[in-house]
Structures are given as C-alpha cells and as structure tokens.
Amino acid sequence: MASKSRISRRTFTAGIGAAGIVAGTAPFNIISAQGAPLKVGVLLPRSGAQAGIGQDCQRGVDVTAGLLKDLKLPALQIMNGDTETNVEVARARAERLISDGAQLLVGAFDSGQSTAIAQVAEQRGIPYVINIAAAPPITEQGYKFVFRNFPTAGRILADAFENQIEIFKTTGNAPKTAVFMHVNDTFGTAMQKGFTGVMGKFPATPYKVVETISYDGTARDLSVEVAKAKATNAEALVMVSRLNDAILITRELVKQRWSPKAILSMGPGWYEDQYIKTLGKLSDGPMHFAPWYDPNKKLAKALDAALAKAHPGINMNTNHVYTFEALLVAADAYKRAGSADPKALADAIRATNIKDNVSHGPGIQFDAKGQNEGLRNSAFQNRGGKLVTIAPATASNAKPEHPMKPYDKR
Amino acid sequence: MTTEVVLKIAISGVLTGLVYGLMALGLSVIFGVVRVVNFAHGEMMTIAMYLVIVFFSALGLDPFIMLVPVSAVLFALGYLMQRAIINPFINRPEHSQFMLLVAVAIVMVNGLLLIFGPDSQGITTSYSFDSFDLGGVIIDAGKVYAAIAALIVAVALFSFFRLTLTGKAIRACADNYNGALVVGLDVKRLYSLTFGIGAACVGAAGTMLMIVTDVTPAIGPAYTLLAFVIVITGGLGSMPGAIVGGVLIGLTEALGGFFFTPSAKTMFSFAILVLVLPFRPQGIMGRKTA
C-alpha cells in the first residue's frame, strides 16, 4: 500500500506560521533572557581529599544571592557540580553542566581541575570565571572564554616575600634558615618552581632555604616528611599545602617535639576553620601569605556580616571571598551584557571594572589574557581561633606576633 | 642525617606496618578460606573508623575500649555480607564476584558520604600528641599502642586458627573443600564465620588507625589497594605473610620517603611488590601451588 502523506495543507500552513513566529521573536530571546536568572555551574571539590575546602567555598556561594540583591545585580541560578578532587571528573562534570544548560561556569579551587574545566569551557564557548587557582599557565593559553580573578603563583610569592620582609622588620626578629615543604599537585609544583626565582628578587629576605621537601597531599601519614624537615634544624617552616595535610603536619610537629620559630604558609590549609577547630590552641601562630581581603572595604564588611549570619562561628577567608567575587563578576557581566549569549557574556566580563569589591587591590579588571593583574596578597595570622590581617600595614588590623609560641608551652 | 633520625623513621615505619598488616590479615584470611577477593576491604575499614568516631563523639570512649565492640559490629557485617550477598555468588565466575564486591564498595563509600559528609574527621585522645624519647629517638606513642594492639589481635587470631575446633574446621575448609563437605562440615556457615573474622580484623585495624590518622569516605579504595599490595607481597592466603608484608611495606615507604623523595614513597611499596613477584610469585610466605 502506498504511504499517505500525513502533512495536510492546513498543518503545513500552521507550521510555516509557527516557524515565522519563532523566527520573528528569535532576536528577542537573548534580551528576554535578562529577566531570567543566569544559569551558573559552580564546580567545586565537594568530596575527595579537598572536600573540606570545597565545602568552605560553598559557604561563599550560599551568601551570594542576598548580597547581589543588595547590589541590585541580577539573580543567578546556581547549578552545583562536584569535581571529587579529580581532574578527569572535573572535566566530565563541566561537560555535563554545559549540556544541562549552564550559561557560565565558576570554580574549581584547584589548578589541575581548573585547567581541565578551562579546556572544556573554551571548546564549548562558555565563559568560565575561576574562583581559586594560581598556576600561571591557565591564563597563558590565549583562551577567549576563561577569566581568573585570583593572583598567579608568581604574584603570591612576590607579595609573600614583600610582606615577610615588612613583618620581620616590624618584629625585629627573623629566622635565618627555613625548610620549604610543598604538596606535589599542580598548585604546589607551580609554587615550588617559582619560589627560588622570586626569592632571588627579594634580597632582603632574612632566611636561607636549607631543604625543599615535596610530599603527597593525600598521604595518610606525614611523619617521615616532618622528621626530614626537623633533621635540618631550620628555624622556620615555609609551607605550600592543603587542609588535611596541614592538620597532619601540625600533629607531627607536636609529636616530634619541633616548634619552628615561624610557620610561613603560602597556600591554603593553615587558616581554614576546620584546621582551627580540629587543633584548637595548637592552631595559633602560623602566618599566611595568600590572596586575602581588605578588611576595611565596604563590601568586605557586608560579606563578613552575611557569612556570620549564615554560618555563625566561621571566619571569613580566601575561599569565601574569591568564590563570592567570581559570582559577583558573573552577575555584573550579565547585567551589562543584557544577555546570556556566551560571547556577549565573555565580552562583558572582559570589560569588567568593579571598584567596590572585597579582595585586596584596586578592584576587579581583566587584561587581554583574562587575568586580574591588580590583585594583591596580604599576610594574616591565626590568633585565638581568629584570623587577623598583619601586613601590609595599609590593609591590616593587627600587629604580627613573632616568634611563634612553642607547642609545649601552650 | 643522624642515626637517631633514621632509627626513628625505621621504627615508625615498622609500627605503622604492623597496623597495616592487621588490616591485610583480614583480606588474607578471607581469600585463604573463602577464595573470594574482597574488593570492599578498605571501605569496610572506613566503616569501622567512622564507628570509632561515632562512639568517641557520643560516649567519649577510648579507641582501645572500642576495639572489641567495633570488631564485633564488623564481624556481624562480614557474616551477614557473606550469607546474604556473597554466598549466592560463590560458584559463579571470578569476574562476577569482583564486580559484586566493587559494587558493594561503591555503595559503602557513597553511604558514608551521605551520612558523614566529605570532610576529614578524626579523634583527639589524651595521648594523641604524646611521644616517647628513647635517648634522642622520638617515637609516636599512639603508633606504639596501636602496633601493640595489632600484634595482640594477630596472635589471638593465629591461636584461634591453631587451637580451637572451629579454627581447625575453617582451615580444613581452606585445605580441601570437598573433603570438608564429606566429613559433614557446614561449609557455608564456616565461610560466613571466616568472612566475619576477616571483617573483625579490619574493624580492629580501623580502630587502631584512628589513633594515628583521620578518615574520609574517599580513603577506602586507597586502603583496599594497600591491603592488596601487602598480601600479594607477603603471600596471598598466608596469615604470617600479611604481617610480614605489612611491616615490609611500612618500613620501605618510611625509609624510601626519607632517603629519596617523600612524595614518591608509595612508589617504593609498589617497587617491592614488583621485586618480590619475579622471585617468589607466591609471595614471601605464600605456599607454592601446583
């Protein structure tokens, strides 16, 4: 039997009419999207070795909606993704979020995971705002859709040495020798590669590095690493670590009866709330040289207040600040672009000029590579379960305490 | 580098290795008798570690007091697992058994994630930060206590298999399955008992490990892998082999990390495995099979 066409003249005409309506309104689709929230895929290591930090970054996400409303910025629809602290999972989750409709990506705390997400974002042409990741190559690839509002390893190191010189000058007491211990992941290796070179540009640095020890951040036991560091009799411990390893190392320092004069941390871990809660009075003393916030800025105070309300007892830190700022960049760009079109969003992000922000520095602007080069780093210290900013003097709220009180005298 | 430092690291490696050995002992016992490779071994240990955290937070009990109850809970878990899940697979191809236990492991990890969240958790006892100073050699007190407990549990287990009727019956099942059936042994029940005993070993090891380290749900697979490395090095199915393998791996990781680079210390344990297998394919203390 010959098949009979199912399309009648009437349905054909109706189809043409419908197509015409769709075609006629298509140019307005992008504009009308402004009324809807921007779909933002937030990729964080919510499980695995970096879970504690990923969850901490999430606190920054939690308070963003209210603050954006106060700033009269458009709302964001957050789509959560878990990288499981794994580069390949990060890549797959980024693909998945884009397929599920994410119009912009934010994340992912870790340089290795962020590198993988950047590749996906660039291939798929979806804007990606990195919250935290310091490995320089990410913004050296000529990407058009990748933006980073976080200092690179070189900037962190340069500011760290500058702030250390200021601190040791203020206290009149400086360590002569140090051991440099770092995790062997992408961030730790980038910091290690830059460390010696950047240190050479700061001849006033008072200490000499007598040993460099690389370790696995997911190790179950770091007694060997600490024993090796202690054997050098160095006066200071320079650290680039994560959270769990920072806790393990502190425990080992106490058990192996070694109290360095100073612990100088150039990465996360030692200032996290979980570190402070787990170790109590043993958490006091480490100084951090990291991307931070200017406690005197208006938005910093607003973010601090919002966090205190949403998460009582939590100290505001890098994770909250830079995750919030990444979302701030997204909302600000969406407002100016007037569209969720990826290219329009990327162009708007490139033209970002936010002066009223939280982090230390002149504000948020991106260069042609998508990097915010204006960011500066601060020095801060654990004191009685709180974090106080100790340098530079122009953006601080406390004086440094050095040398550190020995563990057995607490 | 002073002799004291090297000695300290070597002792620390041996002590950690003894606890690892106890963990691997469970795997070896299960394989030696039931002939099932437990791919959920590390995950079962993380369950024990979380039980310690629950008891510690709720009742403030010291891990040494929790050793028996946590092992008992793990024994029950292992016994039930064998009876309800593994026994129906006992005559199926090995790859079916592997997939079954991998699936069980995934369920365990995600269950722990749901209940306890992804954060690392630990306990702080009155001796958590204690150490002994033996003429300049500083030894972690927690590791000493944990290793002693591991040795006691291992000796108790050896005695059970050597001296009790049930232990001898289990060994009979391991030596000759058909023979055991012919003489009227309830092999299925003995298998369940063996899986329970292996799980109890893991429970004891997990309890001891909580004295020296923290736990996250994601750490299970790493312990499973470590247990495999230890039992294959020591000899799959050999109980003394598991302890010897644990000590060897602990010592190798510690000294390898100290003299070379700490970030590659896991590499040394795999290197030992690679070195042992060509010369002793059955492992250091394993029996040659025809």
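Values in this text are rule-based calculations from the coordinates and carry no lab data. These numbers come from a predicted model, not from an experiment. With ideal geometry, Cβ positions are generated from the backbone for all residues, glycine too; neighbour counts draw on all protein chains shown.
Against chain A, whose longest principal axis is taken from its Cα atoms, helix A:243-255 shows a tilt of about 10°.
Treating only the Cα positions of segment A:270-321 as identical point scatterers, give the base-10 log of I(q)/I(0) from the Debye formula at each q in 0.19, 0.20, 0.22, 0.28 Å⁻¹. So the normalised log intensities work out to -0.71, -0.78, -0.91, -1.15. Look at the stretch B:254-266: the mean tally of other chain Cβ atoms within 10 Å of its residues' Cβ atoms is 6.
Find the percent of Cα-Cα distances in the protein assembly as shown that exceed 36 Å, and round it to a whole number. Tail of the P(r) past 36 Å holds 48 percent of the pairs.
Counting other C-beta atoms within 10 Å, which of A:350, A:251 has the fewest, and how do the rest follow? Intermediate values should be presented prior to the final figure.
Values: A:350 17, A:251 25.
In increasing order of surrounding Cβ atoms, one gets A:350, A:251.
Enter the angle in degrees (range 0 to 90, nearest 10) between the Cα long axis of helix B:265-279 and the first principal axis of the Cα atoms of chain B, meaning the one along which they spread out most. Helix B:265-279 sits roughly 50 degrees off the main axis of chain B. Springs between Cα atoms under 10 Å define the GNM used for chain A, and in it the highest mean-square fluctuation of A:379, A:234, A:398 occurs at A:398. Helix A:87-99 and the longest principal axis of the C-alpha atoms of chain A enclose an angle of approximately 30°.
Among the residues of A:177-187, the average count of other protein chain beta-carbon atoms within 10 Å of the residue beta-carbon is 1. Sorting the segments A:304-317, A:132-145, B:232-245 by their residues' average number of neighbouring beta-carbon atoms within 10 angstrom, most packed first, yields B:232-245, A:132-145, A:304-317.
So which GluC sites (Glu not before Pro) in segment A:323-410 end up in coil per DSSP with only 15 or fewer other C-beta atoms within 10 Å? Each step should come with its number before you reach the end.
Working: sites: A:325, A:373, A:401; in loops: A:373, A:401.
Those that pass, being in a loop and sparsely packed, are A:373.
First measure r as the distance between the Cβ atoms of residue A:75 and residue A:310, then evaluate 1/(1 + (r/R0)^6) with R0 = 22 Å and state the FRET efficiency to the nearest 0.05. Write down the numbers at each step before the final one.
Values: r = 17 Å, r/R0 = 0.78.
After rounding, the FRET efficiency stands at 0.80.
Tell me, in nm to one decimal, what length is gained between residue A:394 and residue A:141 on full extension, where the rule is 0.36 nm per residue of separation less the Cα-Cα distance? Please report the intermediate quantities before stating the final value.
Details: separation 253, 0.36 × 253 = 91.08 nm, distance 3.47 nm.
Residue separation times 0.36 nm, minus the Cα-Cα distance, leaves 87.6 nm.
If we count other beta carbons within 10 Å of each Cβ, what is the order of B:14, B:68, fewest first? Please report the intermediate quantities before stating the final value.
Details: B:14 18, B:68 13.
So the ranking, lowest neighbour count to highest, is B:68, B:14.
Compared with the direct C-alpha span, the chain from residue B:183 to residue B:54 gains 42.0 nm at full extension, assuming 0.36 nm per residue.
Which FRET efficiency value, to the nearest 0.05, is calculated for residue B:158 and residue B:83 with the Förster distance at 22 angstrom and r the Cβ-Cβ distance?
On the way: r = 25 Å, r/R0 = 1.16.
E(calc), rounded to 0.05, equals 0.30.
The label point for residue B:102 and the one for residue B:148, both projected 7 Å from the Cα toward the Cβ, are 4.3 nm apart. Proximity of backbone amide H atoms, modeled 1.01 Å from N, is registered between residue A:378 and A:290, A:292 at under 5 Å, excluding neighbours fewer than 5 places apart on the same chain.
For peptide B:110-117, what's the mean number of Cβ atoms from other chains within 10 Å of each residue's Cβ?
Values: counts 1, 0, 0, 4, 0, 0, 0, 5.
Mean number of neighbouring Cβ atoms from other chains: 1.
With each label modelled as a point 7 angstrom along the Cα→C-beta vector, the residue B:134-residue B:110 pair spans 4.7 nm. About the centre of its Cα atoms, segment B:3-279 shows a dipole size close to 880 debye [charges on the beta carbon of Lys, Arg (+1) and Asp, Glu (-1) only; nearest 20 debye]. Please give the residues of segment A:224-254, grouped as numeric ranges, whose backbone N is less than 14 Å from a label point set 7 Å along the Cα-to-Cβ vector of residue A:176. Counting only backbone N, you get A:233-236.
Exposed loop sites here are trypsin sites (Lys or Arg not before Pro) assigned a DSSP state other than H, G, I, E or B and surrounded by at most 13 other beta carbons within 10 Å; excluding them, the longest clear run of chain B is B:1-286. Computing FRET efficiency as 1/(1 + (r/R0)^6) for residue A:369 and residue A:123, where r is the C-beta to C-beta distance and R0 is 22 Å, gives about 0.75. For a quick check of your reading of the filter: which GluC sites (Glu not before Pro) in segment A:172-241 sit in a DSSP loop and have no more than 12 other Cβ atoms within 10 Å? Qualifying residues, ordered by number: none. Listing B:224, A:318 from fewest to most neighbouring C-beta atoms within 10 Å gives B:224, A:318.
Taking the charge dipole of chain B about its Cα centre, with +1 at Lys and Arg Cβ atoms and -1 at Asp and Glu Cβ atoms, the residue from B:242, B:20, B:106 reaching farthest to the positive side is B:242. Running a GNM on chain A with Cα contacts under 10 Å, which residue among A:323, A:177, A:83 ends up with the highest mean-square fluctuation? Highest fluctuation among the options: A:177.
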